[in-house]
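*Asks:* Before I ask anything, let me first share the structure, which is written out below as structure tokens.
The values are calculated or read from the model by the stated rules, or taken from the named source; none is laboratory data. Bear in mind the structure is a predicted one, so any value in this text is a computation, not a measurement. So basically every Cβ, Gly included, is an ideal-geometry build from the backbone, and we count neighbours across all protein chains shown.
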Amino acid sequence: MEMKEVKAFGAQSAEAPLNQLNINRRAVTPQDVAIEILYCGICHSDLHYARNEWSDVMPTVYPCVPGHEIVGRVTEVGSAVTKFKAGDLVGVGCLVDSDQSCPDCQEGFEQFCPNMVLTYGSADKHTGGVTYGGYSESIVVDEKFVLRVPENIDPAGVAPLLCAGITTYSPMKHWNVGPGKKVGIVGLGGLGHMGVKFAKALGAHVVVFTTSPSKVEDAKRLGADEVVISKNAEEMQKHFGSFDFILDCVSAQHDINAYIMLLKRDGNLTLVGAPEKPLPVAAFGLIFGRKSLSGSPIGGIAETQEMLDFCAEHNITADIELIGVDGVNEAYERLLKSDIKYRFVIDMATLKS
Ligand code: NAP
Ligand code: ZN
């Protein structure tokens with residue numbers, strides 16, 4: 001198979017800082033779209049993966065190139081491509097392929113396909129190695145996994161929608177977030193701040209739970225009706241038994257039982273945050289009130305397009321801090337301190353020639 005060497009930014013081991021390196025991208029096949037990457041968001045999953053923190057479920061293969069919040073311009077399309085042409089503004093999220101034949105794919109739920117191919121860290125049938133993500137100058141993707149990006153919203157602020165956006169939008173749609181519903185968002189980071197924007201746009205009463213007093217004013221500006229400092233037991237107690245739905249967007253160990261207690265009868269707590277270690281669950285918190293606890297991964301391709309179109313209509317983008325590739329390692333350290341307002345996005349033009 002014909003290959004092209006391109007510049008990228010990645011890690012050689014769990015302990016090493018990320019650095020510039022070269023990787024191979026395949027030449028376009030008839031179904032493929034080649035994309036010059038303009039912006040790539042930094043998801044906390046990139047950090048978990050680069051440092052091999054998910055070794056039990058998804059051991060990292062090095063060198064690794066993270067990045068699954070990609071916005072760029074089409075530079076070339078394969079002979080059978082019908083949806084895109086050179087010059088189009090497009091996006092790529094966490095998925096670059098699936099088998100297209102399993103029951104999940106047929107229902108448009110590629111995120112549950114047993115043979116899905118993640119944008120980084122999956123076996124790459126084209127190169128024989130692993131897939132490399134968006135911290136790079138270009139990528140080649142099957143057109144079925146490429147999204148149309150509306151031209152009327154800021155492309156750097158769109159990048160985080162491809163993961164943080166769909167990961168919060170999808171469970172809210174599934175659990176019928178809307179007018180008359182009381183919705184909690186736990187953790188005001190990249191995912192959480194998108195969760196607040198969507199819950200508000202969908203018409204819910206939104207309560208943010210944060211460990212960071214410095215984020216209270218921002219939470220309100222982003223759309224929260226109320227903000228609770230989660231370390232304050234008295235403030236938490238005021239919301240006992242009152243939520244229809246809570247979305248937990250926390251990246252580290254924390255007590256989910258404290259949130260299960262805040263659900264009302266038949267309420268649901270969905271985990272999208274994916275901490276390194278298991279979280280203990282007290283059975284009685286769920287039993288009294290017939291509450292449910294679930295998880296949710298990203299979203300399917302059709303729903304991701306629906307989410308992007310919803311964002312264009314409601315003028316929703318992420319609040320970002322634009323950095324160069326040289327800032328990636330520092331950005332990771334700041335993520336660990338919850339010091340981000342509210343998504344780092346890399347300007348990919350800063351890769352050195
Ligand atoms: P992030 O920007 O780092 O935000 C995480 C937030 O969690 C922090 O800003 C902080 O909010 C809160 N937090 C951090 N440490 C905490 C602690 N020890 N106790 C309580 N709260 C704490 O991360 P992200 O990119 O939004 O990702 C969040 C998680 O979702 C990660 O684990 C990521 O891997 C996962 N994820 C899952 C999916 C999926 O498909 N399910 C997709 C993308 C990401 P406050 O300052 O407000 O407390
Ligand atoms: Zn992500």
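*Asks:* Determine, yes or no, whether ARG51 is basic (Lys, Arg) and either closer than 20 Å to GLN253 by Cα or assigned by TED's automatic domain parsing to the domain that holds MET194 (or both).
*Replies:* yes
*Asks:* Next question. Does the range 294-320 hold any residues that are over 25 Å from GLY108 (Cβ atoms) and touching a helix residue (DSSP H, G or I) at 6+ places or on another chain (Cβ under 8 Å), and which are they?
*Replies:* ASP319, ILE320
*Asks:* Pick out the one residue from GLY72, GLY91 that is surrounded by 19 or more Cβ atoms within 10 Å (Cβ to Cβ), within 14 Å of ligand 2 (Cβ to nearest atom) and either without any contact (Cβ under 8 Å) to a residue 12 or more places away in the chain or of a type outside the set (D, E, K, R) (or both).
*Replies:* The conditions single out GLY91.
*Asks:* In the set ILE166, ILE153, ILE185, which member is in a strand (DSSP E or B) and not polar (S, T, N, Q)?
*Replies:* ILE185
*Asks:* Looking at VAL65, VAL61, which is the one that is crowded, with 19+ Cβ neighbours inside 10 Å, at pLDDT 95 or above and β-branched (Val, Ile, Thr)?
*Replies:* VAL65
*Asks:* Starting from the range 274-295, take each residue that is exposed (fewer than 10 other Cβ atoms within 10 Å of the Cβ) and list its partners that are not in a strand (DSSP E or B), counting only C-beta distances under 9 angstrom and pairs at least six apart or across chains.
*Replies:* LYS277/GLN253; PRO280/ASP255; PRO280/ILE256; PRO280/ASN257
*Asks:* Residue by residue through the range 233-263, note down the ones that are without any contact (Cβ under 8 Å) to a residue 60 or more places away in the chain and part of a strand (DSSP E or B).
*Replies:* The one that is without any contact (Cβ under 8 Å) to a residue 60 or more places away in the chain and part of a strand (DSSP E or B): LEU263.
*Asks:* For residues in the range 94-105 being more than 22 Å from ASN22 (Cβ to Cβ), crowded, with 17+ Cβ neighbours inside 10 Å and touching a residue at least 12 places away in the same chain (Cβ under 8 Å), which is nearest to ligand 1 (Cβ to nearest atom)?
*Replies:* Step by step, filter the range 94-105, then rank; the result is CYS94.
*Asks:* Pull out all pairs, ordered by first then second residue, where Cβ-Cβ is under 7 Å, the residues are six or more apart or on different chains, the first lies in the range 148-163 and is within 19 Å of LYS85 (Cβ to Cβ), and the second is more than 13 Å from ligand 1 (Cβ to nearest atom) and part of a loop (DSSP other than H, G, I, E, B).
*Replies:* Listed by first residue and then by second, the contacts come to PRO155/VAL149.
*Asks:* Given the conditions (1) closer than 29 Å to GLU313 by Cα; (2) touching an Asp or Glu at 6+ places or on another chain (Cβ under 8 Å), and given that THR167 satisfies all but one, which numbered condition is not satisfied?
*Replies:* So the condition that THR167 fails would be (2).
*Asks:* Let me ask you something else. Could you please find all residues in the range 108-125 being charged (D, E, K, R) and either under 21 Å from ILE37 (Cβ atoms) or touching a residue at least 60 places away in the same chain (Cβ under 8 Å) (or both)?
*Replies:* GLU110, ASP124
*Asks:* Quick check on this structure: which one of GLY192, GLY180, GLY187 is within 16 Å of ligand 2 (Cβ to nearest atom) and at positive phi?
*Replies:* After ruling out the rest, the residue left standing is GLY187.
*Asks:* Among the residues of the range 155-173, are any assigned by TED's automatic domain parsing to the domain that holds VAL208, more than 16 Å from ligand 2 (Cβ to nearest atom), modelled with pLDDT of 95 or more and touching a Gly at 6+ places or on another chain (Cβ under 9 Å)?
*Replies:* There is at least one residue in the range 155-173 that is assigned by TED's automatic domain parsing to the domain that holds VAL208, more than 16 Å from ligand 2 (Cβ to nearest atom), modelled with pLDDT of 95 or more and touching a Gly at 6+ places or on another chain (Cβ under 9 Å).
*Asks:* Also, quick follow-up: Restricting attention to the range 203-218, and to residues there that are out of contact with any helix residue (DSSP H, G or I) (no Cβ under 6 Å at 6 or more places or on another chain) and under 19 Å from ASN315 (Cβ atoms), which single residue is nearest to ligand 2 (Cβ to nearest atom)?
*Replies:* ASP218
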